[in-house]
């Protein structure tokens, strides 16, 4: 049992349903329940989202109370995100709120706090959560908006609004805990979950991918920020046996979609343009040879890197930010100049000549640091 928590004392606030949000909702719910916490979960229970949320929480339905973060009109309760948090906390009767994505309220709260406008009083000393993109912590002065957030954060800390803030960047955590109260910040690894013991041969059979291909996986939401267009451009002029497996709902323009269709007709790609289940995701990582993360101006963490490591697969990553530092330090794959399709293509060619076994060993070693158990230990030990 976590010290200080009584039955039905914790509210998990997670209104998101895209990307990592639903997986993390399951992880964090499961982990707090394992510690004996009584839970209320505030989620998106609007008609278009409810089924997805209930599916992820089905195994816990007898152990949690589920409430909506939105009102009957489908809007934020009491008119805004931060007011919705306070309203849900009041309804739940919990002693504290844990925000799976503190970014939901951070920017607005920090700017307002900088000029002395604080969140609803009911939240004082009762806010905890995971802060994915705290850019102002890395550079408190530039751009100018960061300085405003920095001032606001100092005021929230000084007035004891925050209990526990979890950072996904181990290097940033090491620097900021010296500048703020060490009790405020904790490091939380970006976790992987799944079964990656499926043989590559069997995974390819289930996905209908030829066994003689060298498969590059592009996994996740296919938008420009994630660099899918770079992978497609590189693949267009790659020679056999190179093959692109593109898995995840695409947010792409017609040119990208038509190019992917062309690659498919040429036998150079397979596209799964829809929501990919956890089991299908496991198959994708088991089926591939290399995972691509050609993200553009992405300075945070990525669960795709953790999954690639768990599957023992090397990565090719844009040379910027946290992901590049992890890949370089842990020898998880190759780096290329961000935004350059030709450089990505060169990396895709070079990895043919690389020591794949060495990459695999490094990946599996790194995966131990971001397993579900490592995640649970980091989450719960900070709160004891």
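Laboratory data are not the source of any read-out in this text; all were calculated from the coordinates shown. Just so you know, these numbers come straight off a predicted model, no measurement behind them. For neighbour counting, all protein chains shown are included, and Cβ atoms are generated from backbone atoms with ideal geometry for every residue, glycine included.
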Overall dimensions of region 152-235 by Cα: Rg and Dmax, Å: 21.2, 62
Computed FRET value (nearest 0.05) for residue 58 with residue 147, which takes r as the C-beta separation and R₀ as 30 Å: 0.10
Per-residue Cβ neighbour rank within 10 angstrom, fewest leading, 117, 356, 235, 168: 117, 356, 168, 235
Computed over the chain: relative contact order in percent, which uses C-alpha pairs under 8 Å that are six or more apart: 13 percent
Per residue convex hull volume, Cα atoms of region 1-91, in Å³: 97 Å³
Kirkwood-based shape ratio for region 106-203, expressed as Rg/Rh from alpha carbons: 1.15
Proportion of all alpha-carbon pairs of region 214-283 beyond 15 Å (%): 47 percent
The chain: most fluctuating residue of 30, 96, 51 per GNM, C-alpha cutoff 10 Å: 51
Pair residue 258, residue 158: separation of 7 Å Cα→Cβ label points (nm): 5.8 nm
Modelled FRET efficiency - R0 51 Å, residue 174 with residue 212, Cβ distances, 0.05 increments: 0.65
Viscosity 1.306 mPa s, 10 °C: Kirkwood-radius Stokes-Einstein D of the chain over Cα pairs, µm²/s: 72 µm²/s
Cα gyration tensor category, rounded, prolate or oblate, for region 200-369 with a/c compared to 1.5: rounded
Förster-model FRET efficiency, 25 Å R0, residue 328 and residue 249, C-beta, rounded to 0.05: 0.25
Fully extended contour minus Cα-Cα distance, from residue 91 to residue 357, at 0.36 nm per residue: 90.4 nm
Gain on full stretching of the segment that runs from residue 187 to residue 346 - 0.36 nm per residue minus C-alpha separation: 53.8 nm
Length-normalised contact order of region 200-369 in % [C-alpha pairs under 8 Å, at least 6 apart]: 23 percent
Computed helical MRE - 222 nm, the chain, DSSP H runs ≥ 4 contributing -39500 (n - 2.57), nearest 500: -12500 deg cm²/dmol
Potential lengthening between residue 75 and residue 365 on full extension [0.36 nm per residue; Cα-Cα distance subtracted]: 99.9 nm
